[in-house]
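The values are calculated or read from the model by the stated rules, or taken from the named source; none is laboratory data. Note that this is a predicted model, so its numbers are computed, not measured. When we count neighbours, we look across all protein chains shown, and the Cβ atoms used for this are built from the backbone with ideal geometry, even at glycine. Accessible surface is based on the protein model in full, side chains and every heavy atom, while ligands, DNA and RNA are left aside. Shrake-Rupley method; radii C 1.70, N 1.55, O 1.52, S 1.80 Å.
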Amino acid sequence: MLARRLVDVLWKTGLTPEEAAAEVESVASHPAVRHASARVPRHRALEALLEARAALYRQEHAGGEGPRVERRKHLPPEEFFERYYLRNRPVIVEGLLEDWPALSRWTPEWLAERFGDEPVEVMAGRESDADPDFNAERLRRTLPLRELVARMREARETNDVYLVARNSLLLREAFRPLLADLRAPAGYIHPDITTPDSVHLWFGPAGTLSNLHHDHLNVLFCQVLGRKRIWLVPSWETPWLYNDRGLYSAVDILAPDLARFPDFARATVHTCEVGPGDALLIPVGWWHAVRALDVSMSVTFVCFDAAERNTHWRDYWVGPRPEKVER
């Protein structure tokens with residue numbers, strides 16, 4: 001049927017029916033096309049399975065104002081792992097950070113006074129880049145922490161400059177004292193938070209936006225200063241997220257273009273807000289976007305206090321990795 005339609009299209013462009021049929025046959029017999037065609041049934045079966053999973057989830061959350069991210073206060077670690085982590089469900093836990101000195105101490109002014117002369121690596125010029133998250137490597141800049149704070153205060157609300165996890169600030173010897181202001185949430189996170197890549201800092205002005213993407217592991221997202229709005233979409237709805245490059249969606253969460261991306265209308269989008277003291281589990285594979293409503297500091301953990309420190313989505317790259325993008 002498709003071959004017949006293609007022949008008709010080519011015939012209308014001026015080719016004879018014989019020429020059009022020959023062109024279609026030539027393309028259809030190409031090894032790449034044959035290989036892709038052989039995978040179509042498997043792809044359709046997988047999408048059908050995920051559609052059924054999504055339908056069950058929508059039935060579970062039918063009625064009311066739509067799906068919410070649960071909020072739990074002083075959630076026992078055993079229930080956290082059994083009900084949320086192992087079931088690939090998000091949850092906001094209140095009370096986990098009550099013993100953190102960072103909650104009362106960390107402010108932009110305090111950081112500037114304590115570490116102002118230290119150079120920090122940031123992502124700068126984000127607003128002039130149509131895809132700043134994907135092109136993060138080319139946006140790396142270094143400036144004194146005091147200047148970063150000054151730029152944040154001047155701008156009020158901007159997505160132009162952001163200190164993100166990939167900058168690995170807490171791995172720097174000069175900033176190691178900041179770890180003393182944190183505590184691994186008991187029973188949730190492995191007690192040793194000094195190991196490389198176990199904890200990361202996010203620091204930026206109101207207005208920073210990390211657009212729709214998913215991570216390759218579970219993340220405990222802890223809010224220290226300010227508020228952030230977070231959008232979440234279940235991992236099993238990946239076929240409708242237009243995941244054309246790496247971990248990223250082509251959909252703009254602030255203004256979804258349903259004419260270009262009609263399948264996104266099928267997605268189950270949760271929204272929530274986290275403030276100081278909140279800890280949000282972002283389950284592995286769940287799509288999320290994060291926007292700062294205020295000057296904001298967040299800390300993320302990935303080494304959970306479990307036999308397996310995390311559960312990885314190992315083949316998560318679709319398309320070129322960001323570090324492979326030409327500069």
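Quick look at the numbers
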| read-out | value |
| --- | --- |
| Filter result for A48 (of a type in the set (A, V, I, L, M), over 30 Å from H288 (Cβ atoms) and modelled with pLDDT under 80) | no |
| Qualifying residues in the stretch 245-277 (those that are touching a Gly at 6+ places or on another chain (Cβ under 9 Å) and assigned to a strand (DSSP E or B)) - the one nearest to L170 (Cα to Cα) | Y248 |
| Top-ranked residue of the stretch 278-327 - restricted to ones that are among the hydroxyl-bearing types (S, T, Y) and part of a loop (DSSP other than H, G, I, E, B), ranked as modelled with the lowest pLDDT | Y316 |
| Residue tally, condition open to solvent by 70 Å² or more (accessible area, probe 1.4 Å), assigned to a loop (DSSP other than H, G, I, E, B) and not basic (K, R), over the stretch 44-82 | 4 |
| Per-region count, the stretch 270-288, residues touching a strand residue (DSSP E or B) at 6+ places or on another chain (Cβ under 6 Å) and closer than 14 Å to T238 by Cβ | 4 |
| Subset of the stretch 165-188 [open to solvent by less than 60 Å² (accessible area, probe 1.4 Å) and more than 16 Å from M297 (Cβ to Cβ)] | A174, A184, P185, G187, Y188 |
| Subset of the stretch 226-244 [open to solvent by 40 Å² or more (accessible area, probe 1.4 Å) and either modelled with pLDDT of 95 or more or assigned to a strand (DSSP E or B) (or both)] | R227, R229 |
| Hits in the stretch 257-275 (condition: surrounded by 14 or more Cβ atoms within 10 Å (Cβ to Cβ) and over 26 Å from R71 (Cβ atoms)) | F261, F264 |
| The lone exception for G14 - which of (1) modelled with pLDDT under 80; (2) over 24 Å from P234 (Cα atoms); (3) assigned to a loop (DSSP other than H, G, I, E, B); (4) not β-branched (V, I, T) it fails | (1) |
| Wholly enclosed strands (runs of 3 or more DSSP E) of the stretch 83-185 bearing at least 3 residues more than 22 Å from the chain's Cα centre (by Cα) and not aromatic (F, W, Y) | 140-144 |
| Output for the stretch 276-315, where each listed residue is under 14 Å from the mean Cα position of the chain (by Cα) and surrounded by fewer than 17 Cβ atoms within 10 Å (Cβ to Cβ) | W313 |
| Residue within the stretch 189-198 that is of a type in the set (V, I, T), touching a helix residue (DSSP H, G or I) at 6+ places or on another chain (Cβ under 8 Å) and surrounded by fewer than 16 Cβ atoms within 10 Å (Cβ to Cβ) present | yes |
| Boolean, L247 is open to solvent by less than 10 Å² (accessible area, probe 1.4 Å) and either within 17 Å of the chain's Cα centre (by Cα) or at pLDDT below 95 (or both) | no |
